[in-house]
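**Student:** Dumping the structure here so I can ask a few things about it.
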Amino acid sequence: MRKIIASVDIGSHSIKVVVGEIHKNKLNVLAVNEEPSQGIGRGFVVNSQKVKDSLKACLDQIEETLGLKVRKVIVNIPARDVIFDMTKGKTTITNTEHIISGDDIARALQGCVYNKINPKYELVSIMPIYFLVDEEKKVADPKGIIASKLEVTSIIASALKTNVYPILTCLEELGLEVIDITFNNIGDFYATSSEVLATSNGAIVNVGHEVTDVAIFNKGVMANCTSINVGGKNIENDIKYIYKVQDKDAKKLKEKLALAHVQMASSSEKIKVKTLENEEIEINQYELSEIVMSRVIEILNLVKKELNYLTKKQISYIMFTGGVTEMSDFKIALESVFGKNASVMNLRELGVRNNKYSSCVGMIKYFNNKMIFRNKEFSIFSIDEQEELGSHDKVVNVPETSVLGKLFGYFFDN
């Protein structure tokens, strides 16, 4: 079976959908699309009909590319009001060979969440820290080991139902089955996860349009997070206010002329725009970059401050991603605040080589890892649909009553 997975990133600036195939442990992008986001404010649904319209427009293009209808997706939710708990679960190995299977792992993980979720919250993620085999042997993955008992220590993360359900309702009303939910922070981590990151303590920072998300990861497990209500929109607002231009011109100036740091800026690089009073003005790169740099440095200093609040442990990496990090000379601004301790993510998958897609890309990898852990295979398309996908040569690389029961059925029951 081909492992084809679809992810949806619902942001305040845009809605992004990526469909990818995992082949030989690598992600091959089959289809990708981005549409302007309507009805979303700081990651939350404020107008469900507008959200559904934006989602439908994005998915229609994906389906036109693939020639197949996407019915199952992974989606991210805002990492706000998150509760982290360290819990334990255990199970007895009952098969005749006493060999630990993916089903045994699932039962142990179920024990981590049983009667441990606040009624106002919904489980979003179970992140195993380690497994204990027969009460003495500590392992990362116990599959295939002969044993009588299995125990797991995990971090479980849950979010307010009022933050989760509106997003799920929009998707379900469009006929989509949500197979998993996760935080964009986790997606960002898995987008660039390596053995170094998985064995170290560090931070992942996503500088988005309205919000900057900061998350701490301890050896691959998200341990804490926060959000700062500032992002790329603030940069555009600064430009709009200083030069008295329209929103579209502020965005154009940010994307086409501005640098995130003045070090390489030139006063001879210029763009002419009209003000709100219809007066034509000429803006040079250096002056514009001074305005932009001021806001970028402010964002970075706020991140630095939050990192000190989130963890007292020494961290070995700080990885930045999100659309704002694609600004020219963002790395120079980053180094001016963090020195050599921080870096910018570099997505390598063809078709999505832009950090605005990091959450989507990482969600697919994250879900695939969960399936591998269960020793299961999964695809959003049936065998017949997969054959149709291949025969028509459509694959191209281009730019129960509770939610818990529905979503984690793919992990626990399949």
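The values are calculated or read from the model by the stated rules, or taken from the named source; none is laboratory data. Because the structure is a prediction, the values reported are computed rather than measured. Neighbour counts run over all protein chains shown; Cβ positions are idealised from the backbone, glycine included.
**Student:** Exactly one condition in (1) modelled with pLDDT under 95; (2) part of a loop (DSSP other than H, G, I, E, B); (3) closer than 22 Å to residue 12 by Cβ is false for residue 260; which is it?
**Tutor:** It is condition (1) that residue 260 fails.
**Student:** Restricting attention to region 161-203, which residues are assigned to a helix (DSSP H, G or I) and of a type in the set (A, V, I, L, M)?
**Tutor:** 164, 167, 168, 171, 186, 191, 196, 197, 198
**Student:** Does at least one position in region 326-341 carry a residue that is hydrophobic (A, V, I, L, M, F, W, C), surrounded by 19 or more Cβ atoms within 10 Å (Cβ to Cβ) and farther than 28 Å from residue 17 by Cα?
**Tutor:** Scanning region 326-341 turns up at least one residue that is hydrophobic (A, V, I, L, M, F, W, C), surrounded by 19 or more Cβ atoms within 10 Å (Cβ to Cβ) and farther than 28 Å from residue 17 by Cα.
**Student:** Can you go through 282, 290, 255 and tell me which one is more than 32 Å from the chain's Cα centre (by Cα), surrounded by fewer than 16 Cβ atoms within 10 Å (Cβ to Cβ) and either closer than 27 Å to residue 192 by Cα or among the acidic types (Asp, Glu) (or both)?
**Tutor:** Numbers: 290 fails: more than 32 Å from the chain's Cα centre (by Cα); 255 fails: more than 32 Å from the chain's Cα centre (by Cα).
Exactly one of 282, 290, 255 is more than 32 Å from the chain's Cα centre (by Cα), surrounded by fewer than 16 Cβ atoms within 10 Å (Cβ to Cβ) and either closer than 27 Å to residue 192 by Cα or among the acidic types (Asp, Glu) (or both), namely 282.
**Student:** On to the next question. Looking only at residues that are acidic (Asp, Glu) and under 25 Å from residue 308 (Cβ atoms) in region 173-214, which one is surrounded by the most Cβ atoms within 10 Å (Cβ to Cβ)?
**Tutor:** Looking at residues that are acidic (Asp, Glu) and under 25 Å from residue 308 (Cβ atoms), I get 188.
**Student:** May I ask you to verify whether residue 156 is part of a helix (DSSP H, G or I), among the aliphatic types (A, V, I, L, M) and either closer than 17 Å to residue 322 by Cα or touching a Cys at 6+ places or on another chain (Cβ under 7 Å) (or both)?
**Tutor:** No.
**Student:** Just to be sure before I move on: is residue 68 surrounded by 15 or more Cβ atoms within 10 Å (Cβ to Cβ), modelled with pLDDT of 95 or more and hydrophobic (A, V, I, L, M, F, W, C) in the structure I sent?
**Tutor:** The answer is no for residue 68.
**Student:** To continue, here is another question. Just need a number here: residues in region 323-367 that are at positive phi and in contact with a Lys or Arg (Cβ under 7 Å, 6 or more places away or on another chain).
**Tutor:** 0
**Student:** Among the residues of region 136-151, which ones are farther than 16 Å from residue 103 by Cβ, part of a strand (DSSP E or B) and more than 33 Å from the chain's Cα centre (by Cα)?
**Tutor:** 137
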